[in-house]
Amino acid sequence: MIVIDFYRTDDKSVGLYDNNAGDIYHSKSGALKEAFEKFINPSLLNTKSKNKDEIHILDICSGVGYNLKAALLSTDKKCKTTIDCLDTNIGLIKLSPFIQDGIDDIDLKIYLLSEVIKEVNYDYSFLSKILNSYAPFLCDDMRRFIEFLLTRGYLTKGLVLNRSFLHNIYYNYISNNMNYTKKCNKYNNINIRYFVGDARQTLNKINHIYDIVFLDAFSPQKDPVLWTVDFLSLIKTKLKNNSVIVSYSKSTPFRSALVELGFCAGKTIIDNKDMGTVASLDNSQISIPLSDYDYKLLSTRTAIPYKDISLSLSAEQIIINRNNDMASSDRISMTQFLKKYY
């Protein structure tokens, strides 16, 4: 069930707020902008896809797919690309092709819709629901597309809604360019797979090795489930030596867990500010390493990682356990550290 509010971000894309988690999905500065600045650019996806015949991406907490869409726009189309998207909310996955995201590429939207239909058990009544509930936040072209499909009854005629069919319907009946004849092969070299459920259990079942991991879960302080040293250890088993993990989070427990697991850690700098984390087992993949201050901070009580050995604990229990670890630790406190450091 989608229990979310929508808001406009500064780059005109739509952001989401989860009422259950009490946390935002996207930065107010711009949901699409954030995807490029905090995930795509630090991962060097464009450069890597130009130098590889094949690339594999893991998108954890894909949501409405901003990181996914930014990756589609950035990947060299000659590179065979697989993107595995993990999320607990099937409603957001279904909404992904239709949301106002600041992307004008209708080929991307049609491709995304066809991939969602292929991978997700799609109840077409969902289109009527989002049209009624979220119309102001839907892309104009795709909103008209839904209206057309519903009006013509295509969704109840048992037709196979593959990419070619959807593509032709759009350009023959919806697009202003009635003579559009371009073949829908722009994204043919990219394969998207969707996995709905708890990422801890899902990732255990996926037999795949990734070049890039986007870790975009809710903030560690509010929901540490996907930031524990144990979940990061599971991710590590799915990586090559030169793979990278990229995240918006600069959380000290998160970085501490990465270093504890043997990762080389770096950061994403935006406007001279520390705005995220990049990690790899290969130090050459880190453009901006952590500073002396950052590394010394990892020895404080504040840096004690979240733990979830069974990969099944609730967020509340993980937080309680970490608070107990901090209370019994003989590590230096943050206050003592700052006094000593400065």
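The values are calculated or read from the model by the stated rules, or taken from the named source; none is laboratory data. The structure presented is a predicted model; accordingly, all values stated were derived computationally and were not measured. Every residue, glycine among them, receives a Cβ derived from its backbone with ideal geometry; neighbour counts consider all protein chains shown.
Somewhere in the stretch 134-146, is a residue of a type in the set (Gly, Ala, Ser), closer than 19 Å to residue 70 by Cβ and modelled with pLDDT of 85 or more?
Within the stretch 134-146 (the criterion being of a type in the set (Gly, Ala, Ser), closer than 19 Å to residue 70 by Cβ and modelled with pLDDT of 85 or more), the answer is no, since none of the residues qualifies.
What are the residues in the stretch 218-251 that are modelled with pLDDT under 95 and in contact with a Cys (Cβ under 8 Å, 6 or more places away or on another chain), if any?
Correct list: 218 only.
Just wondering, is there one or more residues in the stretch 99-111 that are among the small types (Gly, Ala, Ser), outside the structural domain of residue 270 (by TED's automatic domain parsing) and touching an Asp or Glu at 6+ places or on another chain (Cβ under 8 Å)?
yes
Exactly one of these conditions fails for residue 321: (1) without any contact (Cβ under 8 Å) to a residue 24 or more places away in the chain; (2) more than 14 Å from residue 229 (Cα to Cα). Give me its number.
Just one mismatch for residue 321, condition (2).
If we scan the stretch 252-264, do we find a residue that is of a type in the set (Asp, Glu) and at pLDDT 95 or above?
So far as the stretch 252-264 goes, yes, one or more of its residues are of a type in the set (Asp, Glu) and at pLDDT 95 or above.
Which of (1) modelled with pLDDT of 75 or more; (2) out of contact with any Lys or Arg (no Cβ under 6 Å at 6 or more places or on another chain) is the odd one out, the single condition residue 123 does not satisfy?
Condition (1) is where residue 123 drops out.
Would you tally the residues in the stretch 265-297 being at pLDDT below 95 and surrounded by 20 or more Cβ atoms within 10 Å (Cβ to Cβ)?
0
Provide a single number: the residues in the stretch 223-241 that are within 19 Å of residue 62 (Cβ to Cβ) and either free of Cβ contacts under 8 Å to residues at least 60 places away in the same chain or touching a Leu at 6+ places or on another chain (Cβ under 9 Å) (or both).
Here the count works out to 9.
Please verify whether residue 263 is of a type in the set (Phe, Trp, Tyr) and touching a Ser or Thr at 6+ places or on another chain (Cβ under 7 Å), treating the condition exactly as stated.
Yes, satisfied.
What are the pairs, 6+ residues apart or on separate chains, where a residue within the stretch 289-309 that is assigned by TED's automatic domain parsing to the domain that holds residue 334 has its Cβ under 6 Å from a residue that is in a loop (DSSP other than H, G, I, E, B) and among the small types (Gly, Ala, Ser)?
Cβ pairs passing all conditions: 301/329; 301/333.
I'm checking my understanding of the structure. Among residues of the stretch 164-201 that are in contact with an Asp or Glu (Cβ under 9 Å, 6 or more places away or on another chain) and in a helix (DSSP H, G or I), which one is modelled with the lowest pLDDT?
Top of the filtered list is 174.
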